[in-house]
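Chemist: One structure is given below, represented as structure tokens, and several questions about it will come after.
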Amino acid sequence: MVGVNKRFTSSGYLVRDGKVLLVNHRRYRLWLPVGGHIEPDEDPVDTLYREAREETGFQIEIEAERPANQRLETTVLPAPVAMLTYDIRPGPVLIDLIYFVRPVGGAQRLAASEHRAMRWFDREALRDPAIPDNVRLLGTQAIEQSERVRPSPSSVQSAHERGNEWVAGVDKHFTSTGFLVRDGKVLLVNHRKLRMWLPFGGHIEPNEDPVEALHREAREETGFEIEIVAERPEIDQRGVHVLPAPETILLEDIEPGHVHIDLIYFVRPVGGAQRLAENEHSEMRWFDREALNDDGITADVRLLGTQAIDRIEGRNGA
């Protein structure tokens, strides 16, 4: 997949009464969850709401806990439960952000132009050989999650629905950001242009996935080789690859007409040597929990930096 153009998609496993709704795609002739390409003026939540309406007729709610980051002024999007890439030839590689969702309104309606059929599958029916392994696994997980004690659902609406002018209709750019932790401290760089303490990261290029971008940015901006601290489902299927899902996603208003969909990861160094990218940053410094309370550090960097230290130090001590 190296050097191949990649496109982001958003998919939702829609569950009701212990069954998951799948559609039979006319082109691929497979049973698949609801979803589609993330358009240039959309974020993953925008896409999921739109695709659910267009493909099923349902209004949906994302089954996701709102993290502590909801206290931030920055818009926090629900993190996906998984992220997969699909090598579908010919065409670009698809980077698919996977969510578990439930219907909260509307009425079931088949998008006949795209799909041949629509059906609700329980666990037993998901064993049908016509269902790909990744759909079977994630569909089963979605059903199991819906039957457990429900988390507080995400209240995030699409930008278009919430009437937020600075994100609705504006081109959005995917970025990948890493909070790098070692010895109970997180590494931040002082950005020359923005004059702010920030984690390393940058734009995801058209031929990259978020993980490729994160490793490249780590080498370029810090000198370190890194490892992402994240769980990921075990899927062994030809043409399907599992990427670590981000901890959270921030929608960041960088400047008028420039919005980032920022995929946030917690990482640790596994090689290389610290090196400052002087053309981009004026300084690089390790911050412990106390130092993160510095007035020059924004609330989102403080909160996520502290969470990254807690997560990685907790794992190292386990």
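Here, each number is a calculation from the coordinates, and none is a lab measurement. Predicted, not measured: the structure shown is a model, and the values here were computed from it. No Cβ is skipped: glycine too gets one built from the backbone with ideal geometry, and neighbour counts run over all protein chains shown.
Chemist: How long are the three semi-axes of the equivalent ellipsoid of segment 177-243, in whole Å, if each is the root of 5 times an eigenvalue of the C-alpha gyration tensor, listed from largest down?
Modeler: Whole-Å semi-axes of the equivalent ellipsoid: 26, 16, 9.
Chemist: Output ³J(HN,Hα) for segment 252-258: one whole-Hz value per residue in order, computed from phi by the Karplus curve 6.51 cos²θ - 1.76 cosθ + 1.60 with θ = phi - 60°, and x for Gly and Pro.
Modeler: Result, rounded to whole Hz: 10, 8, 6, 6, x, x, 10.
Chemist: What's the center-to-center distance, using Cα atoms, between segment 87-147 and segment 190-235 in Å?
Modeler: Using only Cα atoms to place each centre, the spacing works out to 30 Å.
Chemist: While we're here: Quote the convex hull volume per residue of segment 6-147, based on C-alpha atoms, as a whole number of Å³.
Modeler: 120 Å³
Chemist: Using θ = phi - 60° and the Karplus form 6.51 cos²θ - 1.76 cosθ + 1.60, what ³J(HN,Hα) does each residue of segment 37-51 get, whole Hz, x for Gly and Pro?
Modeler: 5, 7, 6, x, 9, 10, 9, x, 6, 3, 4, 4, 4, 5, 5
Chemist: Next up: Using Cβ counts within 10 Å as a stand-in for footprinting exposure, how do V4, V189, V270 rank, fewest first?
Modeler: So the residues, fewest neighbours to most, are V270, V4, V189.
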